[in-house]
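> Once you've had a glance at the structure underneath, I'll fire off some questions.
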Amino acid sequence: MPYVTDTTYRFKARLQQVPGGGPFYVLIPASVSKAIGRRGIVPIVAVVNGKAEVHASMTPCGGGRHRLRLNAETRQVAGARLGGAVGVELRVDDNPTADPTPRDLSLALRNDGVLKTFEHLPVGKRNHIIRWIEKSAKDATRDKRIAMTVEVALRAQEREADRS
């Protein structure tokens, strides 16, 4: 069954945080998750409070529902505060575009044998990591972030091996 790609879902949700200082997120209403009709990770484009555009992925959180993580930059641009209501306009992105992998990251991943693993991560996650690396102000910070990304890819490869 083909997915509807031009439907925009509009809703208000409360900005929450995973207990213990975890990530900030909005819980997608059950009616929206059901209408989208997909389980698992779903790439989306959203506008938060009419101000901040987000290219990300909704992640499953049980019972057929999803949540959308909102990073600090998005929360700041949107004026979103913990516990406050945020307006969300969301549509499924059936053709998410992956940012090109920077040469130094690609080399580090290839050297550890996890380039293909990184390339198989969801596009939204890859783009988030690449943009985080690209925002590094110092070479030392960039190197540290690349090393952390290699570790993420190694753990993903281990999880995949455990499933096989």
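> Given the options G40, G64, G20, name the one that is touching a helix residue (DSSP H, G or I) at 6+ places or on another chain (Cβ under 7 Å) and on the phi > 0 side of the Ramachandran plot. So that I can check it myself, show each step before the final result.
Values: G40 fails: touching a helix residue (DSSP H, G or I) at 6+ places or on another chain (Cβ under 7 Å); G20 fails: touching a helix residue (DSSP H, G or I) at 6+ places or on another chain (Cβ under 7 Å).
The conditions single out G64.
> While we're here: Picking from A98, A80, which residue would you name as being in contact with a strand residue (DSSP E or B) (Cβ under 8 Å, 6 or more places away or on another chain) and in a loop (DSSP other than H, G, I, E, B)?
Of the residues listed, the single one that is in contact with a strand residue (DSSP E or B) (Cβ under 8 Å, 6 or more places away or on another chain) and in a loop (DSSP other than H, G, I, E, B) is A80.
> Checking the conditions here, which among I133, I129 is among the β-branched types (V, I, T), crowded, with 17+ Cβ neighbours inside 10 Å and more than 30 Å from I36 (Cα to Cα)?
Numbers: I129 fails: more than 30 Å from I36 (Cα to Cα).
The conditions single out I133.
> Identify the residue in the range 112-129 that is in contact with a Leu (Cβ under 9 Å, 6 or more places away or on another chain) and part of a helix (DSSP H, G or I) and, among all such residues, is nearest to L70 (Cα to Cα).
Once the filter is applied, the top-ranked residue is I129.
> I'm checking my understanding of the structure. Among residues of the range 35-48 that are in contact with a strand residue (DSSP E or B) (Cβ under 9 Å, 6 or more places away or on another chain) and surrounded by fewer than 19 Cβ atoms within 10 Å (Cβ to Cβ), which one is nearest to R91 (Cα to Cα)?
V45
> State all residues of the range 30-56 that are assigned to a strand (DSSP E or B), at pLDDT 90 or above and of a type in the set (G, A, S); if no residue qualifies, say none.
A46, A52
> Being surrounded by 13 or more Cβ atoms within 10 Å (Cβ to Cβ) and of a type in the set (G, A, S): is that true of G63 here?
Values: surrounded by 13 or more Cβ atoms within 10 Å (Cβ to Cβ): no; of a type in the set (G, A, S): yes.
Judged against the criteria, G63 is not a match.
> Something else now. Taking the stated definitions as given, is V123 within 18 Å of the chain's Cα centre (by Cα) and either more than 28 Å from I28 (Cα to Cα) or modelled with pLDDT under 95 (or both)?
Here the answer is yes, as V123 does meet what is asked.
> Something else about it: If T97 satisfies every condition in (1) surrounded by 13 or more Cβ atoms within 10 Å (Cβ to Cβ); (2) within 21 Å of R131 (Cβ to Cβ); (3) among the hydroxyl-bearing types (S, T, Y) but one, which is the exception?
All conditions pass for T97, except number (1).
> List the number of the failed condition for A137; all other conditions in (1) in a helix (DSSP H, G or I); (2) out of contact with any Phe, Trp or Tyr (no Cβ under 8 Å at 6 or more places or on another chain) hold.
So A137 meets the others, but not (1).
Listed here are the residues, each with its yes/no results for (1) touching a residue at least 40 places away in the same chain (Cβ under 8 Å); (2) within 28 Å of L68 (Cβ to Cβ); (3) of a type outside the set (G, A, S); (4) in contact with a Pro (Cβ under 9 Å, 6 or more places away or on another chain).
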site: R110; (1), (2), (3), (4): no, no, yes, no
site: R131; (1), (2), (3), (4): no, yes, yes, no
site: D139; (1), (2), (3), (4): no, no, yes, no
site: I146; (1), (2), (3), (4): yes, yes, yes, yes
site: R163; (1), (2), (3), (4): no, yes, yes, no
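The values are calculated or read from the model by the stated rules, or taken from the named source; none is laboratory data. Note that the coordinates shown come from a computational prediction; the quantities given were computed from them, not determined experimentally. Note that we place each Cβ from the backbone using ideal geometry, even for glycine, and neighbour counts take in every protein chain shown.
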